């Protein structure tokens with residue numbers, strides 16, 4: 001048995017019975033739930049990494065992993081990757097970029113407009129907070 005302590009002091013127990021290819025992991029989640037899992041030995045590192053990312057998100061910190069959506073998409077090709085907003089809606093956002101904060105999302109290379117996908121979704125998240133009700 002191996003005892004590990006999380007960053008916030010919660011104990012994690014790792015046990016492995018002789019001859020079994022699984023490791024038993026027991027801990028209390030950040031939401032107070034008891035978690036018991038059987039993880040194959042070769043997948044234990046990935047499981048622990050996933051827990052660390054989950055913990056970071058629960059605590060409001062950004063993960064150290066690069067975002068899955070770190071790419072620049074040409075404005076005219078946006079709808080090949082995402083259904084919303086349609087091209088006309090994007091052009092409206094670009095036209096009013098200084099008033100709506102969309103200038104943080106756009107990258108200009110020559111005459112070409114690129115949308116920073118990660119910045120777009122961050123911008124969408126902030127719209128909920130800044131909406132006038």
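The values are calculated or read from the model by the stated rules, or taken from the named source; none is laboratory data. All values reported here derive from a predicted model rather than from experimental measurement. All Cβ positions, glycine included, derive from the backbone under ideal geometry; neighbour counts span all protein chains shown.
Being at pLDDT 95 or above and surrounded by fewer than 15 Cβ atoms within 10 Å (Cβ to Cβ) is a description that applies to residue 92. Residue 61 falls short on exactly one of the conditions (1) loosely packed, with under 12 Cβ neighbours inside 10 Å; (2) at pLDDT 75 or above, and that condition is (2). Within segment 37-57, residues that are within 14 Å of residue 12 (Cβ to Cβ) have Cβ atoms under 7 Å from residues that are assigned to a helix (DSSP H, G or I) and at pLDDT 70 or above in these pairs: 39/47, counting only partners at least 6 apart in sequence or on another chain.
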